[in-house]
1. Could you tell me whether B:A438 is under 29 Å from the mean Cα position of the chain (by Cα), farther than 19 Å from B:S385 by Cβ and free of Cβ contacts under 8 Å to residues at least 60 places away in the same chain?
2. Which of the residues that make up segment A:537-576 are more than 12 Å from every other protein chain (Cβ to nearest Cβ) and farther than 23 Å from A:Q46 by Cα?
3. For segment A:577-589, name all the residues that are away from every other protein chain (no Cβ under 14 Å) and either in a helix (DSSP H, G or I) or within 30 Å of A:G259 (Cα to Cα) (or both).
4. Regarding segment B:447-457, can at least one residue be identified that is in contact (Cβ under 8 Å) with a residue 24 or more places away in the chain and surrounded by fewer than 16 Cβ atoms within 10 Å (Cβ to Cβ)?
5. Determine the pairs where a residue that is free of Cβ contacts under 8 Å to residues at least 60 places away in the same chain, located within segment B:472-490, has a partner that is open to solvent by 60 Å² or more (accessible area, probe 1.4 Å) and among the charged types (D, E, K, R) with Cβ atoms under 6 Å apart, the partner being 6 or more residues away or on another chain.
6. Please note which strands (runs of 3 or more DSSP E) are completely contained in segment B:602-698 and include at least 3 residues that are surrounded by 23 or more Cβ atoms within 10 Å (Cβ to Cβ), modelled with pLDDT under 95 and more than 27 Å from the chain's Cα centre (by Cα).
7. Out of A:T269, A:T306, A:T299, I need the residue that is of a type outside the set (G, A, S) and open to solvent by 30 Å² or more (accessible area, probe 1.4 Å). Which one?
8. List every residue pair whose Cβ atoms sit under 6 Å apart, with the two residues 6 or more apart in sequence or on different chains, where the first one lies in segment A:371-386 and is within 21 Å of A:T269 (Cα to Cα) and the second, anywhere, is surrounded by 18 or more Cβ atoms within 10 Å (Cβ to Cβ) and of a type in the set (A, V, I, L, M).
There are 2 protein chains.
Amino acid sequence: MKNISFLRLAAAGALLPALLLAGEGKWTPQQVLQSNEAELRKQGLQIPVSRLWNAAKGTGLLAATVNIGGCSAGFVSPTGLILTNHHCLFGLVQEHSRPDRDLITKGFLARTPEEELPGKTTRVTVPRKFTDVTKAVEAAVPQGADDLARNRAIDAKQKELVSGCEKTAGARCRVAAFDGGLQYVLIESFELSDVRLVYAPPRAIGEYGGEVDNWMWPRHTGDFSMARAYLNGKPYKPEFYFPISTAGVKPGDFVMVLGYPGRTMRSLTAMEMADMRDFYFKLRAEVYGEWIRILEEATKGNAAGTIAVASSLKSLNNVAKNAQGQLAGLQRGRIIEKQTAADQRVMAWAEKRPEYAAAVAAKKELDQLAAQRRATAVRDFLLQSIANGPLALRHATQLVRLSAERVKPDMERDAEYMERELPRLRDRMERDQKSYFAAADQALMRSWFQRMAAMGQAPIAEVPAVEALYGATRVTSAAERLKMFTETTEQLRARRDPMLELAFALDPALRAQQQSTRQHDGAVARLRPAWRRAVIAEAGKPVAPDANSTLRVSFAHVKGYVPREAVTYGPQTSLAGMLEKNTGEDPFAVPQAVLAAAARVDAAKVPLNFLADADTTGGNSGSPTVNGRGELVGLNFDRVWENVANDFGYNPAVARNVNVDIRFFLWLLKDVEKADGLLAEIGAAPGKAPAAAPAATH
Amino acid sequence: MKNISFLRLAAAGALLPALLLAGEGKWTPQQVLQSNEAELRKQGLQIPVSRLWNAAKGTGLLAATVNIGGCSAGFVSPTGLILTNHHCLFGLVQEHSRPDRDLITKGFLARTPEEELPGKTTRVTVPRKFTDVTKAVEAAVPQGADDLARNRAIDAKQKELVSGCEKTAGARCRVAAFDGGLQYVLIESFELSDVRLVYAPPRAIGEYGGEVDNWMWPRHTGDFSMARAYLNGKPYKPEFYFPISTAGVKPGDFVMVLGYPGRTMRSLTAMEMADMRDFYFKLRAEVYGEWIRILEEATKGNAAGTIAVASSLKSLNNVAKNAQGQLAGLQRGRIIEKQTAADQRVMAWAEKRPEYAAAVAAKKELDQLAAQRRATAVRDFLLQSIANGPLALRHATQLVRLSAERVKPDMERDAEYMERELPRLRDRMERDQKSYFAAADQALMRSWFQRMAAMGQAPIAEVPAVEALYGATRVTSAAERLKMFTETTEQLRARRDPMLELAFALDPALRAQQQSTRQHDGAVARLRPAWRRAVIAEAGKPVAPDANSTLRVSFAHVKGYVPREAVTYGPQTSLAGMLEKNTGEDPFAVPQAVLAAAARVDAAKVPLNFLADADTTGGNSGSPTVNGRGELVGLNFDRVWENVANDFGYNPAVARNVNVDIRFFLWLLKDVEKADGLLAEIGAAPGKAPAAAPAATH
């Protein structure tokens, strides 16, 4: 952390300690360390800011905040126990489920370490060190480079920095670009690849309310699961873990949400936002909405098929409903109209200041680029959607590309196909077999072909005979696919496998699109920083960068909201509300064991979910939600419907994240599972007084 | 009114003025007059109780509360203007709509009396006089009569009383039984049969939210329409009309809802309630749910078909959603479980008192009858559903029955086919042609046949060829049907019309069912009064009888509620909320003229709907909602979803009726319609101060 540069913040006029307020802002560790501590104390923080992150030692609350397969999670014991959302470990549960041993439905509890279930592909990364490398990256771009060359130079420099960083044993590194290149940070993490399932509640609890309640409030979902990380076959001992608070939260309480928010679009110009709306989200809602219906139809009444597509369906449902919410929220919140006004205000400000001439020019060029990209937006989306579409096509295009990349020197390869990524890619290709169900995959493929053919361009000018294609290909066999994984382009061609031939035919289009994306990224790296410097300077206060899957902190308070006229939502729900919704039928079927335990308590006194005004997005799933003393009070797992479009702008009136209350988890473990051992391990055994202060650094 | 007997209330121990509280209770005029006035004043009533109903003169607020085709309505001008719900005059709007003159969609406003649109079948009845005839009815039952004979004797006596009453010119009379015969009241009304449409908003306002919002809160529906009653070709001058309050309501305000609630089931035993749940409501939800899908499917994309079935569809939707709500509410409120406990409490009380031995025996027999009726419940329902099903079958069975009844002396006929009913029946048979759409009617018929055939009993043991049936019948021609209306049984048979032949084949089953219903009604008339006397005595306070389409008053306050955990509903909505819901697409498409007018005002200050805890049910649609001074502040038009099952029991926590605020009506007339003339006529012209007190009796 010695090399952290605050140049860019200083440029924004924040020479004094920055004023980070609760509410808007996914703050970086650097911004947190630089914050006005007195102000945070006034808002409810009861520990020194340095307890959040000790850059010298790489410890503190943030050291316990880990990334698990795109989700966030937290260590909660000195013995490597990790708490995250049920939906974040769903793939691991699915991996061990079979029609005759349906862990998805029944849930799972390992009563001894031996019973824990290992995951093929589940990995955890623990943050260690953040280094500002902006100057190094910028210096790597040759004078007079065009946008494509700029992108290649930045890419090469990043690979070089990552490669150097990963020389440390166990290190997993990346260079993260903030706001399109305003800042570059080299992030060193420690990767744990032996992660085992310890506890997952029945799906009826972990997903209570299902798609009906997803993104909704009031919510009654026990969205948590627990895993344990191992290192060299022994439980991993984290630098720091979160003590559990049994005192709970109440309306008005200060909380912090720590985690890895994935992607937001607040640094875009209004015209770029309109592009996102008109193509990205509208197409997601439409295409993925259709794919959901296709998968449901193709597996109806088939237990094996239903288990196979469960994970894809869950993900598509989430993405499609998110897209609908973004579209509704953009309209409802008039977000693009507001951004247009904000852009105009900054432009007027910058136009009066000669030192911001570059910002004015950059804004105009960003808008031109946005207008140009509309021409190919639908085709671009369909090509990108292969990553979420029929598995056979996804695998075939990956295999074809892999064979071409492998012959290159590692540092010149496409980042996804570098040696460091290959074990992961191979694991996924193997594990994907669990998600393959022929009828469903074929139906998806048919839909994809029809949409591509509708554009009447090569190589998909008409819809081929899908059944014949699947009948003849070997890509859908896991064993055969893994053989193909190591084959050369010539060997793959020699197979005359029709799915591979299709992938070869698509390859030029995919490469052309990638090239055009790189060129665009190069232009953005040139333009965005200039524009953002003007935006930040005009704001005259700290501005949190857009989410980019790096570690962030959001300061917040527990509070309800008014979703619409004549309706007020309170910020807390309880087991009583879960029982109130119980119909006995999916997705509102409370399991018998929970009903029985509930009958023995005052259900209104078992807290379940709570709202706060934390600034979150996808990737914050499983984020530890902690109180002012740094104790775990819950896990973030969702945002409310009215707040989905906060990816484009924060609206304090409706910006609410949804958390599962840790007291529900404790109640379930104690009253339903009788898991006293686990409770003791996380320091919350029955009768034990709540931890009075955060656990010491180990 | 001289003959009103309070014997039964006295029997309940209410020798002192009865304590009628706001909230539970649809009180009869008699109960209101007998109430504790001081208590009502404390709750918010600011006028003497005698201003509600002056029995000697037949005037007061209740005299302005009229019945319009099963809905409630109120006079609002000395010139016969009547305000009721949009959905109550929907048939009249539909009658004048054609694809090229779509009043349903566009709305209608008569700017002069000449432009008003007459209704073929719309009739208004104005209450005049209530006479307790219990002793006379009871005395008519011969000693030792069995249940069928009892029913016949009561029926004959009622006809005789009605016939005597209707000797007065213009009088329309009925004998209403309260709680199955605890009391019988002869009600004399004055009938106005010339009713003309004056104003209906566009459907997009009158039904804003459509089936999505129906039964829901928060609500933003302008559910009102206006008609004018004529007598001898001149505007009718009512005895009393409601002054309009422009002061509006606020949370906590006292209001009264006046009207004709149709039917409730609170006087049933728990076992009888379970019958209603298991057959009546479950079958309504299932069968009518299917018919809705059938009608929608059969008219999709056909403008004429859509207009034709609009009214049936609206009614079926309402009934089916109501049934679902009843079922959900019964379960959620554990109403039958609570009634079981209440029944047991009364039984325990009565068993200790020899004078209530008859009550104990009656309760047991009522439960036995309920158990017996289960055997034929499905078939009974299907036979009854002919009244809501395919028009051709409904008409054919009516024609067949009419020809048989007409040959009898008037007083011996089935009440529906007595001379006094025939003009109405003929009008309906004529007007029904507007609702006839061949494809839809055939599809309904097919569904009905399939369900009947599934029971494998005569006369419908298999599904006939429906298209051939419709191809050959003449019943579907309005002109031919009206000819049949006067034909004898022999003439009808001689036609060899297959639809009539089907009706002849069904006739014995329909008669048998009617006979069995009469026998049951006779038994209930014998048993229910005894049981209810025990229930009322045990309660030790006034108990309002079940709704029976007679005039009632509910005292209430404006208030919100908590529908479920973490959600609080405020009691008022505004135009701002309507705009918030606007998607531009049905059913949330605010018309352009309203959007334009809304842009010129602070929409949050134009009140739209409000909640109160009035005790209402179907039939209360269009009920005047008045403030403590008797001024009109709104119209009741719905109940909230959580309150649908209040037909079985009143739950103060969620018992809320939904009213349209009169201020929205005034705003629409003024700002959108510029209907200054109408506003002046109802004494609410722009700039005019609100009426300070109820208008004097004319």
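The values are calculated or read from the model by the stated rules, or taken from the named source; none is laboratory data. Just so it is clear, the structure is predicted and the values come from calculations on it, not from any experiment. Quick reminder, even Gly has a Cβ in these numbers, built from the backbone with ideal geometry, and neighbours come from all protein chains shown. To get the accessible areas, we keep the full protein, side chains included, count just its heavy atoms, and leave off ligands, DNA and RNA. Shrake-Rupley method; radii C 1.70, N 1.55, O 1.52, S 1.80 Å.
1. Yes: the conditions hold for B:A438.
2. A:A537, A:E538, A:A539, A:G540, A:K541, A:V543, A:P545, A:D546, A:A547, A:N548, A:S549, A:T550
3. Hit for segment A:577-589 is A:P587, nothing else.
4. Within segment B:447-457, one or more residues are in contact (Cβ under 8 Å) with a residue 24 or more places away in the chain and surrounded by fewer than 16 Cβ atoms within 10 Å (Cβ to Cβ).
5. Going by the 6 Å Cβ cut-off, the qualifying pairs are B:A478/B:E430; B:E480/B:R474.
6. In segment B:602-698, there are no strands (runs of 3 or more DSSP E) which contain 3 or more residues that are surrounded by 23 or more Cβ atoms within 10 Å (Cβ to Cβ), modelled with pLDDT under 95 and more than 27 Å from the chain's Cα centre (by Cα).
7. Going through A:T269, A:T306, A:T299 in turn, just one is of a type outside the set (G, A, S) and open to solvent by 30 Å² or more (accessible area, probe 1.4 Å): A:T306.
8. Listed pairs, sorted by first residue: A:F381/A:L283.
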